[in-house]
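Notes to accompany the following structure.
The values are calculated or read from the model by the stated rules, or taken from the named source; none is laboratory data. Just so it is clear, the structure is predicted and the values come from calculations on it, not from any experiment. Glycine gets a Cβ as well: all are built from the backbone with ideal geometry, and neighbour counts include every protein chain shown.
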Amino acid sequence: MNQGHLTRRKAMQLMSLAALGSLAIPTTTYSTTTCTDFFDEEIDTIHIKKGEGKVGRIGGIDLITKLSKNQTSGNLGCDEATLKPGFLGAPPHLHKHFDEICFVLEGTVTIMVEEKTYQVNAGDWHLRPRNKMHTFWNASEASARFVDIYIPGGHEEYMADLAKLFENNGRPQKEDFSLLEQKHDIVYLWSKLPEIMAKYKVHL
């Protein structure tokens, strides 16, 4: 059995842990809900209880970070999110060095990859591969709750940096997104945003 197989097996085990936890999302600014900030250290065994994690808000998303790359030897990071009706979860973008897996817990998330859209319902899984333009939104009249898994990990750090820009009723500016592109593995495709917003009647 080669090392690559072991890594994939470990990643799948951790994905299952993240997906099975049905957790309530607080609606406060980005902070730690537990007395120990376990996101900054590697831990052999992890038990994430309901309500634990770092919570924040990004536009129409209430976010809670569940696992970081520091906890998984870099293999994955994981966020749980609630997306409000009518909101686009992110501008169109792509990543060069990691894949994203979405597992929907409640409601429906519409995910676009390149020119194709997918209605991802509660209980469904969806893979967004690296190097492909994607975005997602909530076209329904009820909130959607889902888990996003990043393989390998690291994108949770981008989500944390973005959430900080929304603290105290802040709104990211053009230069903020440029700095995020320089620091993290994300390429925004702004030219596609107006068409998507108009066609699917969603907003950031």
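Overview of values
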| quantity | calculated |
| --- | --- |
| Qualifying residue in the range 118-131 (condition: among the polar types (S, T, N, Q), under 28 Å from Gly74 (Cα atoms) and buried (at least 19 other Cβ atoms within 10 Å of the Cβ)) | no |
| From Ile151, Ile196, residue being on the phi < 0 side of the Ramachandran plot, of a type in the set (Val, Ile, Thr) and either touching a helix residue (DSSP H, G or I) at 6+ places or on another chain (Cβ under 8 Å) or modelled with pLDDT under 95 (or both) | Ile151 |
| Those residues of the range 102-116 which are without any contact (Cβ under 8 Å) to a residue 24 or more places away in the chain and under 10 Å from Phe136 (Cβ atoms), in sequence order | Val113 |
| Selection count, the range 153-175, where residues are over 19 Å from Ala81 (Cα atoms) and surrounded by 15 or more Cβ atoms within 10 Å (Cβ to Cβ) | 1 |
| Residues being among the hydrophobic types (A, V, I, L, M, F, W, C) and within 17 Å of Gly60 (Cβ to Cβ) - total across the range 189-204 | 5 |
| Helices (runs of 4 or more DSSP H) completely within the range 103-204 that count 1 or more residues being under 21 Å from Lys54 (Cβ atoms), among the hydroxyl-bearing types (Ser, Thr, Tyr) and within 16 Å of the chain's Cα centre (by Cα) | 155-165 |
| Restricting the range 41-72 to residues that are of a type in the set (A, V, I, L, M) and assigned to a loop (DSSP other than H, G, I, E, B), the residue that is surrounded by the fewest Cβ atoms within 10 Å (Cβ to Cβ) | Ile43 |
| Of all residues making up the range 73-94, the number that are in a loop (DSSP other than H, G, I, E, B) and either aromatic (Phe, Trp, Tyr) or in contact with a Ser or Thr (Cβ under 8 Å, 6 or more places away or on another chain) (or both) | 7 |
| Flag for Ser143 being among the hydroxyl-bearing types (Ser, Thr, Tyr) and either closer than 18 Å to Gly77 by Cα or free of Cβ contacts under 8 Å to residues at least 60 places away in the same chain (or both) | no |
